[in-house]
1. If each of Val417 and Ala396 carries a label point 7 Å out from its Cα toward its Cβ, how far apart are those two points in nm?
2. Among the listed pairs Lys220/Lys404; Lys162/Lys571; Lys338/Lys399, which have their C-alpha atoms separated by more than 30 angstrom in this model?
3. How much length would be gained if the chain were fully extended between Asn202 and Tyr366, taking 0.36 nm per residue of separation minus their Cα-Cα distance, in nm to one decimal?
4. In the range 368-388, whose amide N lies under 19 Å from the spot 7 Å out along Cα-to-Cβ of Trp507? List them in ranges.
5. With label points built 7 Å along Cα→Cβ from the Cα atoms of Ile264 and Arg279, find their separation and express it in nm.
6. For the range 434-450 and the range 519-575, compute the distance between their C-alpha centroids and round to whole Å.
7. Counting other C-beta atoms within 10 Å, and keeping those with at most 16, which DSSP coil trypsin sites (Lys or Arg not before Pro) do you find in the range 470-566?
8. Multiply the residue gap between Met337 and Trp78 by 0.36 nm, knock off their C-alpha separation, and tell me the result in nm, one decimal place.
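Bear in mind that the values in this text are calculations on the coordinates, not laboratory data. Worth saying up front: this structure is predicted, and the values here are computed from it rather than measured. Here the Cβ positions follow ideal geometry from the backbone for every residue, glycine too, while neighbour counts run over all protein chains shown.
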Amino acid sequence: MKRKSPSKSAAPTPEAAAIAKSAAERSKWRTILAIGGLLLLTLAVYYPLRWGVFLWDDSAWLTNNPLIHHWRGFEIFWFSTKAMGEVQYYPMTLSLLSIEYHIWGLQTLPYHLVNVLFQAANAILLWLILRRLEFRSAWLVAALFAIHPIQVETVGWVAEVKNVLSGFFYFLALLSFLKFIDVGPKTPATPDGINSEKPYQNHQLYVVSTLCFLFGLLSKTAVCTLPVAILVILWWKDRWRDREIILRLIPWFIIALIIGMVTIHVEHTSVGTHGADWRFTIGQRILIAGHAFWFYLIKLLWPHPLLMIYPRWHLGNSIGYIWAIAAVALFAGLWFMKDRIGRGPMAAMLFYLVTIGPVLGFITFYTQLYSFVADHYQYLACIGPMVLAGEFIYWATDKTGPWKHAVPIWVAAALVVIAGWISFNQSRLYDSDYSLWHYVYQHNRKSFIVKALYGATLLERQQYGPAMTQLVTANAMHRHAIAVIFNLAGGYMVTGHYRHALHYYGWYLQHDPGSADAWTDAANCLVALRAYEPAARDLAEALKLKPNFSAGWMELAHVSYLAGHLKYAEKFYRHAIRLDPSMANVKLAVSAKILPQIPARSATSRPAGHR
């Protein structure tokens with residue numbers, strides 16, 4: 001009797017083929033429902049952001065950034081770090097903001113929608129990653145990542161597109177690399193018994209993952225921890241000794257180191273993190289790091305209140321070292337228990353520690369001036385504790401007997417509803433500067449920067465007395481902080497104290513000569529004092545920074561006329577109309593003598609308001 005070759009497998013029966021097809025269809029529909037659920041959930045929770053406004057440093061990143069407003073800015077984004085002003089060297093983020101600006105200008109809704117859609121995409125990618133790693137709580141964790149209240153700051157703050165954009169590339173890089181090294185559910189064998197793909201053979205996946213990692217770094221350097229996070233995952237999977245993987249991660253470490261050093265350089269030079277406010281001893285940095293480690297975990301469990309700026313901790317009390325000691329004890333306990341409970345809990349907390357590490361306080365960053373923590377700093381790090389909590393829920397509910405399949409669903413639904421409701425209400429704070437900063441002020445009254453920002457919103461509401469009280473107090477609490485001076489100068493200007501305003505604008509421009517708004521406001525103060533020649537010079541400085549600002553050219557024409565320079569006034573007036581034909585309808589003091597000399601122009605030759 002002839003024996004069958006062992007390399008050949010029996011053909012599947014029609015019944016088996018039908019079962020396999022049915023299973024594939026069910027899997028397809030489950031995937032569609034999972035992805036659709038994450039998308040709809042994210043859109044629903046962040047629905048209030050349709051009324052969201054530009055906030056805080058959105059002006060530096062977008063609304064008042066001349067580099068964003070001109071296509072030539074791309075050259076500077078990518079090839080220079082000297083002209084960045086208050087922003088970091090994140091060329092991918094700045095390029096995206098510039099593209100958005102040239103598509104829809106300064107309409108707030110599209111910017112918020114982009115952030116929300118990126119958040120939904122990131123949640124979907126995270127679900128695919130966790131499913132590949134065979135976590136039963138994959139969808140729950142992805143949903144919590146999408147809508148947890150601590151994520152509202154990232155999604156609702158336009159400038160934090162750098163978080164969601166870098167996160168998008170982070171997840172793409174991680175997913176591609178896991179596929180490349182064949183971490184995840186085993187693929188079915190071919191009829192010959194051999195898998196169609198072998199680890200490390202698909203070089204296209206490696207190139208894609210490396211490019212995504214690079215793009216993530218150029219969006220925000222916080223993703224530099226990804227190669228270490230991959231090593232943590234491999235340690236959990238007991239594959240961390242694989243020499244092939246280590247060799248392929250070495251270029252990632254080199255790229256991360258180089259771009260990380262660029263970020264630190266820009267932080268210390270352009271952004272300005274130097275001086276007494278950022279000088280901390282090693283002991284103080286340990287105290288900050290220990291407290292921050294637990295602060296973020298507590299906010300995950302109890303997200304109230306959620307503030308744009310949290311109170312800065314006092315560093316003079318040695319009892320604060322208890323936080324650091326507790327963190328060390330936690331990892332020691334997880335390490336000694338890993339044989340009993342497995343490596344999973346240790347890996348989850350190591351992922352959290354590695355990812356949150358750069359902002360724990362050992363590296364200096366600007367916001368340490370007024371706070372040591374921020375919700376958006378744990379955007380990616382929160383995944384570790386969320387996975388740990390999600391898997392714990394499934395492990396605990398396995399012991400509920402006949403209810404073990406239903407209980408996880410009900411618990412997950414309850415968590416999603418609670419988190420979604422809190423986030424929905426938190427998102428409503430972002431519909432105005434005043435609502436947000438009033439809320440922050442109610443919970444953090446002793447912060448000089450909060451007083452300054454709250455005072456600025458009161459100025460906009462024309463509550464001049466309370467506004468100036470806040471601004472003057474903020475300046476007294478932290479003398480000549482650049483974050484306070486601009487608002488204080490603006491307060492003096494709108495209340496008619498022009499000489500005081502000029503004093504503070506002068507100080508501000510010594511430290512930030514790239515602020516077109518400060519030059520313009522200083523010029524307005526000089527006009528009010530009838531000092532037209534220096535006002536014209538300040539306006540000229542502003543227009544060097546914003547050369548396509550038609551209203552600025554019109555104002556320069558007006559000031560030149562008042563200074564007696566009629567030819568220059570005519571020249572500037574013509575230029576303003578060339579930039580924006582609708583300016584021909586503006587009636588200024590120049591009109592009586594200059595308008596008759598200017599030939600009539602078609603107001604339809606260019607769209608009104610074109611920049």
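1. Placing both labels 7 Å beyond Cα along the Cβ direction yields 1.8 nm.
2. Beyond 30 Å between Cα atoms: Lys220/Lys404; Lys162/Lys571.
3. Working: separation 164, 0.36 × 164 = 59.04 nm, distance 4.19 nm.
Here the answer is 54.9 nm.
4. Residues 369-370 fall inside that zone.
5. 2.0 nm
6. 36 Å
7. On the way: sites: Arg479, Arg499, Arg530, Arg537, Lys544; in loops: Arg479, Arg530.
Sparse-neighbourhood loop trypsin sites (Lys or Arg not before Pro): Arg479, Arg530.
8. On the way: separation 259, 0.36 × 259 = 93.24 nm, distance 4.81 nm.
Difference between extended and current length: 88.4 nm.
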